[in-house]
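The values are calculated or read from the model by the stated rules, or taken from the named source; none is laboratory data. Model, not experiment: these values are computed from the prediction. Don't worry about glycine lacking a Cβ; one is built from the backbone with ideal geometry, like all the others, and counts go over all protein chains shown. For the accessible areas, the whole protein counts, side chains as well, though only heavy atoms, and no ligand, DNA or RNA atoms are used. Shrake-Rupley method; radii C 1.70, N 1.55, O 1.52, S 1.80 Å.
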Amino acid sequence: MQLAADKKAHEPVVLDMADAVGYTDYFVIASGASTRQTKAIADAIVEGLRAAGTRPARTEGERDAEWILLDYLDLVVHVFTPGARDFYRLEALWRDVPRVPVELDPTDESAASTVG
């Protein structure tokens, strides 16, 4: 999550999906103010996790950058523009799953070892 915060992601949320679905343990949801920012956030996550030895199994949406999905199997990252996030409303869809509290360090801009 720190990787997204370092690129000024808006409203980051982590949902514990382990008991709700069989294909992942966590959703990380964040927004960028524009498609350029959503791309920068997604790129920072991919590069940071790559530096830690992890690569996504699948990525989608990078071309239009309205909703970028990074699938790390146990962790699925969703980076939205505000309009796409309002439209798809993943937090509302999964309102019954627990939210994971996340503490971010606003001074940490080299969080390559911090997941998502």
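Which whole-Hz ³J(HN,Hα) couplings does the stretch 15-24 yield from phi under the Karplus relation 6.51 cos²θ - 1.76 cosθ + 1.60, θ = phi - 60°, glycine and proline marked x?
10, 7, 9, 3, 8, 9, 9, x, 9, 7
Using a Gaussian network model of the chain with C-alpha springs under 10 Å, which one of V77, V100, V14 is most mobile by mean-square fluctuation?
V100
Please report the net charge: other residues with Cβ closer than 11 Å to the Cβ of I29, K and R +1, D and E -1.
Values: positive: R85, R89, R99; negative: E11, E91.
Charge balance in the 11 Å sphere: +1.
Could you give log10 I(q)/I(0) at q = 0.18, 0.19, 0.20 Å⁻¹ for the chain, computed by the Debye formula over C-alpha point scatterers of equal weight, without solvent?
For the chain, the Cα-only Debye profile gives -0.87, -0.98, -1.10.
Once phi is turned into ³J(HN,Hα) by the Karplus curve 6.51 cos²θ - 1.76 cosθ + 1.60 with θ = phi - 60°, what whole-Hz value does each residue of the stretch 72-87 show in order, with x for glycine and proline?
Residue by residue, the stretch 72-87 yields 9, 6, 6, 9, 10, 9, 10, 10, 10, 6, x, x, 5, 5, 5, 5 Hz.
Need one word for the stretch 60-101: rounded, prolate or oblate. Basis is the Cα gyration tensor (sqrt eigenvalues a ≥ b ≥ c); a/c below 1.5 gives rounded, then a/b vs b/c decides. Write down the numbers at each step before the final one.
Numbers: a/c = 2.71, a/b = 1.27, b/c = 2.13.
Oblate is the answer for the stretch 60-101, as a/c is 1.5 or above yet b/c matches or exceeds a/b.
Roughly speaking, what is the stretch gain from A20 to L90, that is 0.36 nm per residue apart minus the C-alpha to C-alpha distance, in nm to one decimal? Write down the numbers at each step before the final one.
Working: separation 70, 0.36 × 70 = 25.20 nm, distance 1.33 nm.
Roughly 23.9 nm would be gained on extension.
Using Cα pairs closer than 8 Å and at least 6 residues apart in sequence, work out the relative contact order for the chain, in percent.
The value is 36 percent.
Show me, for the stretch 55-61, the HN-Hα J-couplings you get by feeding each phi into the Karplus relation (A = 6.51, B = -1.76, C = 1.60, θ = phi - 60°), rounded to Hz, glycine and proline as x.
Karplus values, whole Hz, x for Gly and Pro: 10, x, 6, 7, 10, 8, x.
If you count only protein heavy atoms with a 1.4 Å probe, what accessible area per residue comes out for the stretch 1-103, rounded to a whole Å²? Walk me through the numbers on the way to the answer.
On the way: 5820 Å² over 103 residues.
On a per-residue basis, 57 Å².
Quick one: length gained pulling V100 to A52 fully straight, 0.36 nm per residue minus the C-alpha distance?
Numbers: separation 48, 0.36 × 48 = 17.28 nm, distance 2.19 nm.
Gain in length upon complete extension: 15.1 nm.
For n ≥ 4 DSSP H runs only, could you compute -39500 (n - 2.57) per run for the chain, divide by its residues and tell me the 222 nm figure to the nearest 500? It would help to have the intermediate numbers written out before the result.
Details: 4 runs with 32 residues, N = 116.
Estimated from H runs of four or more residues: -7500 deg cm²/dmol.
Within the chain, what whole-number % of the accessible surface is contributed by carbon and sulfur, with the 1.4 Å probe and all protein chains included in the calculation?
On the way: 3310 of 6760 Å².
Percent of accessible area from carbon and sulfur atoms in the chain: 49.
As a test, work out the antiparallel percent of DSSP beta bridges whose residues both lie in the chain, rounded to the nearest 5. Please report the intermediate quantities before stating the final value.
Working: 14 of 20 bridges.
Taking every DSSP beta bridge with both residues in the chain, the antiparallel ones total about 70 percent.
Which one of A57, Q37, Y26 has its Cα pushed farthest toward the positive end of the charge dipole of the stretch 17-62, where Lys and Arg give +1 and Asp and Glu give -1 at the Cβ?
Value: Q37.
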